[in-house]
Structures are given as C-alpha cells and as structure tokens.
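Novice: The structure's right below; bear with me while I get my questions together.
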Amino acid sequence: MRHIVCCVFLLACVPFAPAVLATAHSEEQSVDLWQLFQEAELEDPRVLAGRALSEGGEWRKREAFGQLLPQLSASSTLNRTAQENDFTRQVYNGERYALTLSQVIYDAQTWHNYRRYSELAKQQEAEYAVTQEEATLDLIERYFAALAAEDELALISAELRATQRNLDRVNSLYERQLAMITDVLEISARVDSLNAREIEARNAVEVGREALSEIIGRDITERLKRVGERTVFLLPEQDREHWVRKAMTESPVLQARRRAVNAAQAALQQAEGGYKPKVSLSLSGQRSDIGYENSQAQVTDTYVVSLGVQVPIYSGGSARARVSAGASDLSVAEQEFEQARRRVVRETRSAFYDVQAGVSKIAAARKAMASSAKAREAAERAFGYGVMNAVDVLNSIKEEYAARRALLQAQYDFILSSLVLRRWSGTLVRDDVRKVNEWLVSAVQADTD
C-alpha cells in the first residue's frame, strides 16, 4: 500500500518543464525584435526628434555659410510729388531703381560664425547617432524584459499546477490517514503563495508589453519570439583594450563632445574677431529721375564701386566681455569632453567584464539546471523510500524552476551586455540587431527545441 501511495505522489511531483513561455496572449501571429526595431525607427518620438534636430543643424550651417557669399539686393522707389512756391505749383512723378551687390572680403566674425555652426551641425549629427543607439538599446531591453516577465509567469504557473496537483493528492492521502497534517498545511501555504505570485507575474507581463507599446506607438498583442534553446553564446574575439581604443575613436558620445569643444573654440575666435577690421566690396547701379529734395531731374544712371573698411575702436567693453564668456564656455566644453571620455572608458570596460561573466554564468546556469533536475529525481526516489517528505520533494521542484529562471535571465543579460559593449564602443549598428534577432525563434520552435 505504501508503495502505491508513493507512486501516486511521485507522478504528481513530476514538474512541468516549460522550455519557454508561449505568452499569455492568444493571438496566433508572432513578432520578433527586428520587426519591432523597424517600426520603432519610424515611430519612436526620440528618434524622430533627433533626426529633426540634426536636419535643423545642417540648415543653420547653411544659413551661416550664406553670410560669406555675395549678397544681392534690389530696391525701387515711386514718388508722387506736389511742389508749390510763390509763382508756380508742380505735380510730377519720380522713379528710382537700384541694384546692389556686396561681398565680404575679410570678416573674422562671419567666418568663425560659419565654423561654429559647422561644428554644431556635426555635434547634432553625432547626438542623433547617440539617440539612435540609446533608443535601440532601450527597445532591446524592454523586449527582453517583456520576455523575462512572460518566462516568470510561465514558470510560476507550471509550478502552481504541479503544487496544486500535489496538494490534491496529499489531501486525499490525509483523508485516509496516509499523510501528515503538516504536509497538507505547508503545501497549501505554498499554493496560496504561488497564486499571489502568479497575479503579480500576469501584471508584470502587461506592464512589459505596455513598455514596448510606448516605443512602437501601438498595442503589442502578438507573441514575442524568444531565444532558442540551442543558441550558442561566445565571447568577443578582441580583448578589453581593443574595445576601449575603438570607443575613443568611434563613440558618438565622444564625437559629439569633441564637436562641442570645436564649436566653443570657433565661438571664442568669433568673439575675438570683434577686435579686427572688416573689409567688404560693394557694386551698385541706380537709375533715377529724382533729384535733391525729390525735385524733378533728368533720368540719370549711376554706377558705384566701393571698398569699405570698418575698424572697431571701442564698444563699451562688450567685445572683451564676449571674449571672456567664450573662454569660459570653451573651458566648460573641454571639461564635459573629459567627463564623457572617462565615462565611456568605464562603461566600455564594465560592459566587457559583463560579457565575459555572462558566458560563464550561462554555462554555470545550464549545469545548475541539470543538477537541480537530478536532485529533484533523487528527492522523488528518496520519498519513495520514505526518507524525505512531500515538502522536501516540492522544494527540489522549486529549485529546478529557479535554475530555469537563472538560465533564461543569464542569456538575456549576456545579450544586453554584448549590445551595451557595442553601444559604448560606437559600433552598435542595425546588423547587430539583426544578429540578435537570428537567435530568436517562435514559441512553437522553442518548445520543439
């Protein structure tokens, strides 16, 4: 009789091993990371705003460049004059037409203003690249956070079903005085705890999908593709310092700060140009029949070539103030560059360490999952011999599910660390998203694996 009871309980204890969650949503369609990435490129407000800022910088650069080119203007005047004196009264019309062409010959302020806007345009272009990288990484983080939430729900639900089945069996055994009341109470408490955790997990799934919907701009109801069981994760071939050197030359964060320093230098030189003379050339032509004090005159054509020189002498101290302010702005830009450089070095090295640790964590988690499965099988056999009680067996099942969680989370952490490394080294591109997407499979394929 004891053998039969043990067999019944062991059958109930065999854990439901959810390879991965097939998601709580019932829709048949699935969506992967690459599809969401393509949608985010068109819908993420951060990316769209960054693109508009970059385009605006180019137009401001073009505006500043226009001040260096020839300036052509035309004017016309039409008069109706009534003139009276003691002897006569005259009413007549007058016309004047003028065309003026001017060209800057030497103007340090205008030239350095163009240089400043050129650097600012490149800075905004680099900041747009930073925005794209941040938005891409944010999307990937939210995608895998949603997967992790669904994994947690699947594992809790499976553990709850197994525990509930065991509670039903133990209650049946207790009614026949074949089980202890302590087993019933402990398993019942475990069921209640798992019920509460399942509610929290379902809420976390919806919150995770809402986070994705915020970026994409629509409700995400499709099944999310997930990492396949047979995916192989490898360490980067290059060493740590290779990534640091790459970051120093290619990181858009540093490129933006460098351009900010260059723009501040150009702004300082623009302010110093207030001490320098300005030289300009002007060509003008005029046809007019209006004389002195709008008097009627013969039609006259006038052509003038002028070379203008303007030498600043005193401007109330404003020129010196502009130079001092420019020097302060340059110092700020240089310190911000140094701060960004140190941060990029730290983040790059930290990400490299995380990638290194990630491979080891995945290997350890796989071993832990295999060991926990064996431990659960041993606990079931021990229960059959009467060495362990029902709660001990359930604890071994709980450990097996915890090992599964740890493996899935280690995989997600490795993927994110790899992309963070590329983000800080300035090498995160669309192909990296494609590569990660190749690791994802549909829920059906994941179950088959």
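Values quoted throughout were computed directly from the atomic coordinates according to the rules given, and no laboratory measurement underlies them. Quantities reported herein were computed from a predicted structural model and do not represent experimental measurements. Note: ideal-geometry Cβ built from the backbone for every residue, glycine included; neighbour counts use all protein chains shown.
Novice: Any idea how far apart ALA357 and SER76 come out in nm if each label point goes 7 Å out from Cα toward Cβ?
Specialist: 7.7
Novice: Net charge around VAL244, counting only other residues with Cβ within less than 12 Å of its Cβ (Lys, Arg = +1; Asp, Glu = -1)?
Specialist: Result for the local shell: +3.
Novice: Here's something else I'd like to know. Taking θ = phi - 60°, what integer Hz values does the Karplus form 6.51 cos²θ - 1.76 cosθ + 1.60 yield along segment 424-430, in sequence order, with x for Gly and Pro?
Specialist: Per residue, the Karplus-derived 3J(HN,Hα) values read 6, 7, x, 10, 7, 10, 4 Hz.
Novice: Moving on to the next point. Between SER318 and VAL207, how many nm apart are label points set 7 Å from Cα along the C-beta direction?
Specialist: Modelled inter-label distance: 5.6 nm.
Novice: Determine, from the Cβ-Cβ distance of ARG366 and ASP168 and an R0 of 35 Å, the FRET efficiency 1/(1 + (r/R0)^6), rounded to the nearest 0.05.
Specialist: Calculated value: 0.60.
Novice: Let me ask another. Find, among the chymotrypsin sites (Phe, Trp or Tyr not before Pro) in segment 347-449, those assigned to loop by DSSP (not H, G, I, E, B) with at most 12 other beta-carbon atoms within 10 angstrom.
Specialist: TYR385
Novice: In the chain, if the dipole is taken from +1 on Lys/Arg beta carbons and -1 on Asp/Glu beta carbons about the Cα centre, which of ASN195, LEU33, PHE87 is farthest to the positive end?
Specialist: Working it through, the farthest residue towards the positive pole turns out to be LEU33.
Novice: Sticking with this one: Springs between alpha-carbon atoms under 10 Å, Gaussian network over the chain: tell me which of VAL429, VAL232, VAL170 tops the mean-square fluctuations.
Specialist: Of VAL429, VAL232, VAL170, the most mobile in the Gaussian network model is VAL232.
Novice: Taking amide H atoms as placed 1.01 Å from N in the peptide plane, list the residues 5 or more away in sequence, or in a different chain, whose amide H sits under 5 Å from that of ASP289.
Specialist: GLU95, THR300
Novice: Would you look at the GNM of the chain, springs on alpha carbons closer than 10 Å, and say which of ALA52, ALA256, ALA146 moves the most?
Specialist: Top of the fluctuation ranking is ALA52.
Novice: Could you give the longest part of the chain that holds none of the trypsin sites (Lys or Arg not before Pro) found in DSSP loops with at most 15 neighbouring Cβ atoms within 10 Å?
Specialist: That gives 231-449 as the longest site-free run.
Novice: Quick check on the chain: helices-only [θ] at 222 nm, where DSSP H runs of length 4 and up contribute -39,500 (n - 2.57) each and the sum goes over total residues. Nearest 500, please.
Specialist: -24000 deg cm²/dmol
Novice: Let me ask something additional. Tell me which GluC sites (Glu not before Pro) from segment 194-229 have a DSSP coil assignment and no more than 16 other beta carbons within 10 Å of their own.
Specialist: Sparse-neighbourhood loop GluC sites (Glu not before Pro): GLU229.
Novice: Using Cα centres only, tell me the gap between segment 369-405 and segment 122-182 in whole Å.
Specialist: Cα centres, segment 369-405 to segment 122-182: 21 Å.
Novice: Nearest 20 debye, what's the magnitude of the dipole of the chain about its Cα centre given +1 on Lys and Arg Cβ and -1 on Asp and Glu Cβ?
Specialist: 1200
Novice: Using a Förster radius of 51 Å, what is the FRET efficiency between ILE199 and GLU338 based on their Cβ-Cβ separation? Nearest 0.05, please.
Specialist: 0.55
Novice: Find, among the GluC sites (Glu not before Pro) in segment 233-263, those assigned to loop by DSSP (not H, G, I, E, B) with at most 11 other beta-carbon atoms within 10 angstrom.
Specialist: Filter output for segment 233-263: GLU237.
Novice: What list of ³J(HN,Hα) couplings, whole Hz, do you get for segment 307-320 from phi and the Karplus terms 6.51, -1.76, 1.60, once you set θ to phi - 60° and write x for glycine and proline?
Specialist: 10, x, 10, 10, 10, x, 10, 8, 10, x, x, 5, 5, 5
Novice: Let me ask something else. Given the options TYR97, TYR106, TYR292, state which has the largest fluctuation in a GNM of the chain using a 10 Å cut-off (strictly under) for Cα springs.
Specialist: Maximum among the listed residues: TYR292.
Novice: In the chain, if the dipole is taken from +1 on Lys/Arg beta carbons and -1 on Asp/Glu beta carbons about the Cα centre, which of TYR174, ALA204, ALA121 is farthest to the positive end?
Specialist: Most positive-ward Cα: ALA121.
Novice: Let me ask something else about it. Per residue of segment 366-373, what does 6.51 cos²θ - 1.76 cosθ + 1.60 with θ = phi - 60° give for ³J(HN,Hα)? Whole Hz please, x for Gly and Pro, Karplus curve as stated.
Specialist: Calculated HN-Hα couplings, in order: 5, 5, 5, 5, 5, 5, 5, 5 Hz.
Novice: Could you calculate the contour length gain from LYS435 to ALA98, that is, 0.36 nm times the residue separation minus the distance between their Cα atoms, to one decimal place in nm?
Specialist: Separation in residues times 0.36 nm, less the Cα-Cα distance, equals 114.8 nm.
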